[in-house]
Amino acid sequence: MSRVYVIAEAGVNHNGSLELALQLVDAAAAAGADAVKFQTFTADTLVSRSAPKAAYQIATTNEDESQHAMIRKLELAHADHAALVERCKVCGIDFLSTPFDPVSLDFLVHELGVERLKFSSGDLTNAPLLLRAARTGLPVILSTGMSVLGEVETALAVLAFGYTEPDRTPSKADCALAYASAAGRDALRDKVTLLHCTTEYPAAYADINLNSMATLRNAFGLSTGYSDHSPGIAVPIAAIALGASVLEKHFTLDRSLPGPDHKASLDLDALSLMVEAVRQVELALGSAVKAPAACELANIPVARKSLVAAADIRKGDVFTAENLTVKRPGDGVSPVEYWDWLGRVAQRDYRRDEKVEP
């Protein structure tokens, strides 16, 4: 298989601190991730002042604080983003950030020059933002948590229209036609990766439904990966074994820090272990051809067996179940031929344990 693209999701685990964000870049690079991803937003454009918190956010932050107030403390300034891009260049790791509004999208594309865009499950139905993203021409990674296949198809239709129609305002019917067109399908195959996801923090193992990743791949014929919110690293590694092309996982410098996502994130040791395991599984998946590996060839005569004399045999004796058996080594007559040898006449003397000869 091709190399899995591992995204270390810093998200908002910087707690609004540039210094913490820079440390997250360093940690992701040290762990061997391909990209470190942040989130680009302002509280005023992301949530209304009356928006409630999710249950996990109430459990991990001040329950009397609104979602708007919580989000405001997690903003990074545009200048902070520029500093993160520079640190990523120094560390040799890709910079990614999820935009949550058109201004943030334009900033990432036109000022920071990002090479791909990642959208959260919450924006799967944000058609205007997806259209704007597709019209940048950049590849899109789209998480699909909380969705059914029809909603994913609708999002893809919007992207298909955006990739193939640079100016015209679409209708739902226009998007459907773009999705059905050869040009639209080609653009999606070339540009879009879908991520299976369970939008809960942390997500219980019983709610992961990792087999849905294959459902997405089969339904849409696109590159498919996995965005993980489960505890530990077992599920992400399983996703790689099931063919994920992209893997995204939250991490933090300290799981005890205040903030909504730290407790559902990997610490730095676990992140390193996950990336190491991903690379090991990549190697282990290897080829779909069932044939001996080169390293096995020398072991064939050692591990396999041959037809040997179970007792001393005289020339002219008949081979029977009593005087013919199967033992190592495997460089003689294969035991597959055992029944064909029963009833044959020995052409020479054999001592016990001696391999028979054709």
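Collect residues whose amide H, placed 1.01 Å from N in the peptide plane, falls under 5 Å from the amide H of A203; neighbours closer than 5 in sequence don't count.
Correct list: H229, S230.
Counting residues in segment 118-251 as N, plug N into 2.2 N^0.38 Å and put the Cα Rg over that result.
Relative to the 2.2 N^0.38 Å estimate, segment 118-251 comes out at 1.04.
Given R₀ = 25 Å, FRET efficiency for Q280-A303 by Cβ-Cβ distance, to 0.05?
0.55
Out of residues 5 or more away from D94 or on other chains, whose amide H comes under 5 Å of its own, with H placed 1.01 Å from N in the peptide plane?
Distant-sequence amide H within range of D94: A35, V36.
Please list the three semi-axes, largest first and in whole Å, of the ellipsoid equivalent to segment 265-358, using sqrt of 5 times the eigenvalues of its alpha carbon gyration tensor.
Semi-axes, largest first: 49, 12, 10 Å.
Convex hull over the Cα atoms of segment 239-292, averaged projected area in nm²?
4.6 nm²
With the radius of gyration and the Kirkwood radius both derived from the Cα set of segment 68-110, what is their ratio Rg to Rh?
1.01
Mind computing the radius of gyration and Dmax over the alpha-carbon atoms of the chain? Å is fine for both.
Rg then Dmax for the chain, in Å: 29.2, 99.
Using bins 10 angstrom wide from zero, how does P(r) for segment 266-308 break down, in % of all Cα pairs?
P(r) for segment 266-308, in whole percents per bin: 21, 28, 24, 18, 7, 2.
Among A55, A294, A82, whose mean-square fluctuation peaks in a Gaussian network model of the chain (Cα, cutoff 10 Å)?
Maximum fluctuation in the GNM of the chain, among the listed residues, is at A294.
Straight distance only, please: which lysines reach the Cα of K73 with their own Cα at less than 25 Å, same-chain residues fewer than 8 apart left out?
Output for K73: K37, K53, K118, K249, K263.
Please find the FRET efficiency linking V148 to C295, where r is the Cβ-Cβ separation and R0 is fixed at 45 Å, and quote it to the nearest 0.05.
In this case the efficiency is close to 0.50.
List the lysines whose Cα lies under 30 Å from the Cα of K355, skipping any in the same chain that are fewer than 8 positions away.
K290, K305, K315, K327
Evaluate E = 1/(1 + (r/R0)^6) for A182 and T325, where r is the Cβ-Cβ distance and R0 equals 45 Å; express this FRET efficiency to the nearest 0.05.
It comes to 0.10.
State, in angstrom, two size descriptors of segment 229-268 derived from its alpha carbons: Rg to one decimal place and Dmax to the nearest whole number.
11.4, 35
Using modelled backbone amide H atoms (1.01 Å from N, in-plane), which distant-in-sequence or interchain residues come within less than 5 Å of H196's amide H?
G225, Y226, S227
Could you work out the local net charge near G286, counting Lys and Arg as +1, Asp and Glu as -1, over the other residues with Cβ closer than 15 Å to its Cβ?
So the surrounding residues net to +1.
Compute the Rg/Rh shape ratio of segment 99-177: radius of gyration over Kirkwood radius, all on alpha-carbon atoms.
0.95
Could you please report the charge total around R135, scoring K, R as +1 and D, E as -1 over all other residues with beta-carbon less than 13 angstrom from its beta-carbon?
Residues close to R135 contribute a combined charge of 0.
With a sphere of radius 13 Å drawn around the Cβ of V85, what net charge do the other residues whose Cβ falls strictly inside it have (Lys, Arg +1; Asp, Glu -1)?
-2
Quick one: work out Rg over Rh on the C-alpha atoms of segment 294-341, Rh as Kirkwood radius.
1.08
Test of understanding: in a Gaussian network model of the chain with alpha carbons linked when under 10 Å, which of V192, V275, V148 would top the mean-square fluctuation ranking?
Of V192, V275, V148, the Gaussian network model singles out V148 as fluctuating most.
Which whole-number percentage describes the relative contact order of segment 294-341, with Cα contacts under 8 Å and a sequence gap of 6 or more?
After rounding, I find 46 percent.
Dividing the convex hull volume of the Cα atoms of segment 31-147 by its residue count, what figure in Å³ per residue is obtained?
Once divided by residue count, the hull of segment 31-147 is 128 Å³.
All of the numbers you see were taken from the coordinates with simple rules; none came from a lab. Everything numeric here is computed off the predicted structure, so don't read it as measured data. Cβ sites come from the backbone with ideal geometry, for glycine too, and all protein chains shown count toward neighbours.
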